[in-house]
1. What are the ³J(HN,Hα) couplings of the range 63-70, residue after residue, when phi is run through the Karplus curve with 6.51, -1.76, 1.60 and θ = phi - 60°? Round to Hz, x for glycine and proline.
2. How far, in nm, would the chain grow between Ser155 and Gln136 when pulled straight, counting 0.36 nm per residue and subtracting the alpha carbon separation?
3. Per 0.36 nm of contour for each residue apart, how much would the distance between Asn124 and Leu43 grow if the chain were fully extended, relative to their Cα-Cα spacing?
4. Given the Cα-Cα distance of Leu13 and Glu29 and 0.36 nm per residue of separation, how much length would full extension add, in nm?
5. Using only the Cα atoms of the range 1-78, what are the Rg and Dmax in Å?
6. List the lysines whose alpha-carbon lies under 22 Å from that of Lys71, not counting same-chain residues fewer than 8 positions away?
Amino acid sequence: MNFEDLYHQYKNLVYNLSLQYVQNIEDAEEITQDVFLSVHNGLDAFMHKASTSTWIYRITINKCLDFQKAKQRKKRITNLFSIFGGKGNALQFDHPDWNHPGILLEHKSALENLFKHINQLPHNQKTVLILSKIEQKSQVEIADIMNLSTKAVESLMQRAKKNLKENYLPTKDT
């Protein structure tokens, strides 16, 4: 498969996965460019030990993590949740009743809070959660993408859920 075919087949996957990590349209676009630059440069060396999609998932996840680390080092993070507001970045909901301003505000607040807690998870837990719940990947696919055993993926998912439950979901006392 040539680069152009790979790009057209995987551009949406890369962009959407990047967006899940950084929650910022411009950053996701930048990561997508970086991923495809790496794909282009590494295409001749790609050994096909893994499937092409697995290879591209790994590159994307690594680029997302590298991007986040670089941003933190440079202290350029001003608002991780710009996708939920601002010019041209408003989150769109598909349900017709969700277009009411009060409901949009409620969902915006809930999503900001959820992503705040997801972003605080250790990188492996965050990756497993995004691949499973947002990208709808199976444990076997996630294990392949992350180069882990399925038991390790299962364990990471359980820890991620436990951490979110403890830190995100309100207790009955509050």
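1. 5, 4, 5, 4, 4, 5, 4, 5
2. Working: separation 19, 0.36 × 19 = 6.84 nm, distance 1.74 nm.
Length gained, Ser155 through Gln136: 5.1 nm.
3. Numbers: separation 81, 0.36 × 81 = 29.16 nm, distance 2.62 nm.
The Asn124-Leu43 span can extend by a further 26.5 nm.
4. Details: separation 16, 0.36 × 16 = 5.76 nm, distance 1.19 nm.
Extra length from Leu13 to Glu29 when fully extended: 4.6 nm.
5. 12.8, 40
6. Lys63, Lys87, Lys116, Lys126
FYI, it's all coordinate maths here, none of it is from the lab. Please read these numbers as outputs of a predicted model, since none were measured by experiment.
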